[in-house]
Amino acid sequence: MNRFSSNRIFYGWYMVAAGFAVQLLTGFLLMQSYGAHVAVLREDKGWSKTALAGAFSFTQLIGGLIGPMQGQMMDRIGPRASMRFGFIVLGVGFMAISQVNTLVQYYAAFTLIAVGIACSAFFPLTVSLVNWFERKRARVLSTMSLGFAVGGLLVPLIALSLDEFGWRNTFFASGVISIVVGLPLAQVMRHKPEDYGEYVDGVPPEKDVQASPAPAATLNRPERDFTLKEAMHTPAFWLISFGHGSALLVVGAVSVHVISHLKDDLDYSVGAASLVITLMTIFQVLGMVAGGALGDKIEKRMIAAACMFMHMLGLLLVAYATNIGMVVAFAALHGFAWGARGPLMQAIRADYFGRSSFGAIMGASTTIFMWGQIAGPLLAGLIADATGDYVTGFTVLAVLAGMGSGFFIFARRPVPPGSVAYAAEPVGANLTP
């Protein structure tokens, strides 16, 4: 008997709502607001831009290192236990940061935050929703990621708290909120619909052929899903990962440094700079809506390629900004590109490789694309410390992002395993280039 047959709302949509809330929480408390923390900590503690950027990059390194193990675990036991553990560790990490006095202590506390974020937020949420949705996968992942964007709209509240209560009280309150709000949200998540008497998309297999026609992106299903080993032997696996990493060069640098750039180089206040982040986030929301609507209808890789050029143009505009119009154009281009491209990264992987080993495939991909989010903030910080401003660093990252569009253009769908074409391929034909 269908466990949820008495409920007309497919349970997967409750998970989407919980995922939205988790993304909002983590985006608001840290990922979107870290630039504001950097600006305040630099003034109070005198730590360099590179040192503070390194802490943010450290979270990405930890996520990448535990990604393969986490992916295997997600495929076996599901997300709920991981998320409960993650929110507790995240909360303790925030509270620990509120007590630090040295940079070594700061990094030690940030290790807890890195583990907490990796175990509680984007990774387990994505694996769960990919298992529950297929036909509207891009739209679902975009909706979940909207929470992250909405968290960015609340960054001025973090800036206000930093001004009124200080960074120590702000971090401690963030820890309490993480535990009190995060644990109930973790309880909503489920592993695979089959474990609960449900079906993917809420549609029984016998009714699937009678349902409305699936988008072209999901009709071309593999005869069976790729294993991790099979996926890693396709050019698409590597091209998508390198393209994703190229995008994160810009995303990571902007998240950590753009408020400092606006404050130090363009003479904005922290409050005014946070309003630019709010504007960027509004366009990020618009991008997510557009990407979710278009991603299930046209080729996701071409949308991603176009977004890479928008990332490049946006970063160049803010690097050389001489007036508010250029800053606004940056916020529009970068925000829209981030919103439209971000959720498609995982949707492409799920479309290409299936859901059976998706956690393992996503975990292995993390060890590749994480280097973009690590290198972006560090490179921008190092060059800024050496030159005195962010212009050169932002320019280098912008050019690399533009070149990264080629990864997506060439990331074609791999030949499905188990198909006649797959069996007929010569040995090594689909190995990585």
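Each value in this text was obtained by applying a stated rule to the coordinates, not by laboratory testing. Everything numeric in this text was worked out from a predicted model, so none of it was measured. So basically every Cβ, Gly included, is an ideal-geometry build from the backbone, and we count neighbours across all protein chains shown.
Per-residue Karplus couplings for region 296-304, computed as 6.51 cos²θ - 1.76 cosθ + 1.60 with θ equal to phi - 60°, are listed in order as 8, 10, 10, 5, 5, 5, 6, 4, 4 Hz, Gly and Pro entered as x. Residues K263, K300, ranked from the fewest to the most other C-beta atoms within 10 Å, line up as K263, K300. Would you mind pulling out the separation of the Cα centroids of region 123-183 and region 295-363, in Å? Region 123-183 and region 295-363 have Cα centres spaced 19 Å from each other. If the Kirkwood radius is taken over C-alpha pairs of the chain, then at 20 °C and 1.002 mPa s the Stokes-Einstein diffusion coefficient equals 98 µm²/s. Are any of the pairs K136/K229; K192/K300; K45/K263; K136/K192 more than 23 Å apart by Cα-Cα distance, and if so, which? Exceeds cut-off: K136/K229; K192/K300. Backbone phi angles across region 13-25, fed through the Karplus curve with coefficients 6.51, -1.76 and 1.60 (θ = phi - 60°), yield HN-Hα couplings of 6, 5, 5, 4, 4, 5, x, 4, 5, 5, 5, 4, 4 Hz in residue order; Gly and Pro are listed as x. Solvent-free Debye calculation, one equal scatterer per alpha-carbon of region 38-155: log10 I(q)/I(0) at 0.09, 0.13, 0.15, 0.21 Å⁻¹ equals -0.30, -0.61, -0.78, -1.22.
Would you mind checking the tilt of helix 103-120 against the longest principal axis of the Cα atoms of the chain, expressed as 0 to 90 degrees and rounded to 10? Approximately 20 degrees, to the nearest ten.
For D264, neighbours were defined as the other residues whose beta-carbon sits under 10 Å from its Cβ, and their charges (Lys and Arg +1, Asp and Glu -1) total 0.
Each peptide in 334-345, 13-24 gets a packing score, the mean of other Cβ atoms within 10 Å over its residues, and the list from highest to lowest is 334-345, 13-24. Fully extending the segment from V399 to Y14 would add 134.5 nm, taking 0.36 nm per residue of separation and subtracting the current Cα-Cα distance. Between L382 and E164, the modelled label-to-label distance comes to 4.1 nm, taking each label 7 Å out from Cα in the direction of the beta carbon.
By the helix-only formula, in which each DSSP H run with n ≥ 4 contributes -39500 (n - 2.57) and the sum is divided by residues, the chain has a 222 nm mean residue ellipticity of -25000 deg cm²/dmol. Can you tell me the orientation of helix 235-260 relative to the chain, as the angle in degrees between its alpha-carbon axis and the longest Cα principal axis, to the nearest 10? With both axes taken from Cα atoms, the answer is about 20 degrees. The angle between the Cα long axis of helix 358-387 and the main principal axis of the chain comes to about 20°, on a 0 to 90 degree scale. With only Lys, Arg, Asp and Glu charged, each at its Cβ (+1 for the first two, -1 for the last two), find how big the charge dipole of the chain is about the Cα centre; round to the nearest 20 debye. Once rounded to the nearest 20, the dipole reads 780 debye. Note on D195 and Y107: the extension gain reaches 27.7 nm, defined as 0.36 nm multiplied by sequence separation minus the Cα-Cα distance. Can you bin region 323-403 into rounded, prolate or oblate? Criterion: square roots of the alpha carbon gyration tensor eigenvalues sorted a ≥ b ≥ c, rounded for a/c under 1.5, prolate for a/b above b/c, oblate for the rest. Because a/c hits 1.5 or more and a/b fails to exceed b/c, region 323-403 counts as oblate.
Using C-alpha pairs below 8 Å separated by at least 6 residues, the relative contact order for the chain is 27 percent.
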